[in-house]
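Nothing in this text is a laboratory measurement; each read-out follows from the coordinates by a stated rule. Only a predicted model underlies this, so the values are computations on that prediction, with no experimental measurement involved. Quick reminder, even Gly has a Cβ in these numbers, built from the backbone with ideal geometry, and neighbours come from all protein chains shown.
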Amino acid sequence: MVPRSSRALAVLVGALIVGGSLTAAPALAATSPAITDCVAHGALTKTYSVGELHHALTTMSAPTREYTNCLDVLNRALAAAISKPGGDSTGSSGSGSFLPVPVIIILAVLVVAAITFAVLAVRRRGSADRGGDTTDGPAP
């Protein structure tokens, strides 16, 4: 049997990880350097890849679409990037992944937490099978 305090700690840590990932992922994923650049300057001051421009267009908020010229600026930059010779017409950003980095980090943390809890459960089960005491209090 797993001690009650360990079980409560595991549930608390799991809830914090899941809650943090649900609230942090949309906020982190919606931030695009191209959008930030456009909103700050009214134009793009740097060169962005096709993938970065496409990501910016798909994650742009409704107020940014409506109240800035960034939708047009990004569409023009995307069209120019695709049409130039040697341009990246596949739509990839060259990073090798379609997921934003913050989402990958959150997934990695969740995987590490799952592995940790699995190892703890296997150890406790092995200890219980060998007749080890897994209770919090003194033996009766």
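Each label point was placed 7 Å from the Cα along the Cα-to-Cβ direction; for Leu120 and Asn75 their separation is 5.2 nm. Put a dot 7 Å past the Cα of Ala40, heading toward its Cβ, do the same for Val101, and the two dots end up 1.5 nm apart.
In the calculated pair-distance distribution of region 27-85, the portion above 14 angstrom amounts to 48 percent of the Cα-Cα pairs.
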